[in-house]
1. Does P206 fit the bill of being closer than 30 Å to V72 by Cα, part of a helix (DSSP H, G or I) and either modelled with pLDDT under 85 or of a type outside the set (A, V, I, L, M, F, W, C) (or both)?
2. Among residues belonging to the stretch 133-167 that are without any contact (Cβ under 8 Å) to a residue 60 or more places away in the chain, in contact with a helix residue (DSSP H, G or I) (Cβ under 7 Å, 6 or more places away or on another chain) and hydroxyl-bearing (S, T, Y), point out the one that is farthest from D210 (Cα to Cα).
3. Identify, please: which residue in the stretch 98-121 is more than 23 Å from L166 (Cα to Cα) and polar (S, T, N, Q) and is, among those, surrounded by the most Cβ atoms within 10 Å (Cβ to Cβ)?
4. Against the condition over 23 Å from S193 (Cβ atoms) and touching a Ser or Thr at 6+ places or on another chain (Cβ under 8 Å), how does F104 come out, does it pass?
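The values are calculated or read from the model by the stated rules, or taken from the named source; none is laboratory data. This structure is a prediction, so every number in the text was calculated from the model and none was measured. For neighbour counting, all protein chains shown are included, and Cβ atoms are generated from backbone atoms with ideal geometry for every residue, glycine included.
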Amino acid sequence: MRVISTILPLFLAISSVNAFVSPRRGVGRRTGFVSVKMSGNEGEQKKETTWDRITGPKLFKTVTNWSGIHSVPLVPLRILTGALMVHHGSEGGIGPANFGTPEFQGFVDYIVKPYFSFLPGSPETWSAIHDYVEFYGGALFAIGLLTRPAALSLMLTMFCAVYFHLASGGAQGFPLGHVPNYSYDFEEPLMYSLIFLTFWFNGAGPLSVDSIIYDKISREDNSE
């Protein structure tokens, strides 16, 4: 009995070690107090966690095809930007190019005449074009109709605004200068320009009149 009582614990200990070191595939094993189910593929990677997603290679993953769900953020960006352009185009009153209003005449006298005198035609004409582009172009841009032509015209208008601010106030120490209002004067039209550039290249995206027209034309072409 003494021999058995000595050998039995030793046998159980060796069996436990063998079960830990060389488990059979598809059989559970014990590590400490936790039972772990062995996978049929020993080399299978562990399940990806949220921490892996924010610290691993996916941290640098970039969407290169802006379609489907990836194009949804373009919708509020397009609508809000277009609405703001409509507002800017109607600052002299309801509707664009409010001739004779102080706002319209001030734009002519303090912006167009001093800084865009090289343009052919009258300053009033260019001021009206500016208002029409922002008002009607912004409306088309917001609903996504003729988005690329609207984006191009609005982008050129914003480039003119960037030129005006740089010509009148300079670069203001860009990029490290600290200005009183914490915003460079050319910063806003420059950001608008980049937004319009994006839509000029990519189109309106989903939930737009352009997408409805394109889908209809595409189906008709494919049916022929």
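1. no
2. Residue satisfying both the conditions and the ranking: T157.
3. Start the filter on the stretch 98-121 by keeping residues that are more than 23 Å from L166 (Cα to Cα), which leaves 98-102, 121.
Within this subset, residues satisfying the condition of being polar (S, T, N, Q) are 98, 101.
On the way: N98: 17, T101: 13.
Selected residue: N98.
4. Numbers: over 23 Å from S193 (Cβ atoms): yes; touching a Ser or Thr at 6+ places or on another chain (Cβ under 8 Å): yes.
Considered against the rule, which asks whether it is over 23 Å from S193 (Cβ atoms) and touching a Ser or Thr at 6+ places or on another chain (Cβ under 8 Å), F104 comes out as yes.
Per-residue answers, yes or no, for (1) farther than 29 Å from L146 by Cβ; (2) at pLDDT below 85; (3) outside the structural domain of V209 (by TED's automatic domain parsing):
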{"residue": "S90", "(1), (2), (3)": "no, yes, no"}
{"residue": "I94", "(1), (2), (3)": "no, yes, no"}
{"residue": "A97", "(1), (2), (3)": "no, yes, no"}
{"residue": "T101", "(1), (2), (3)": "no, yes, no"}
{"residue": "G106", "(1), (2), (3)": "yes, yes, no"}
{"residue": "V112", "(1), (2), (3)": "no, no, no"}
{"residue": "F116", "(1), (2), (3)": "no, no, no"}
{"residue": "L119", "(1), (2), (3)": "no, no, no"}
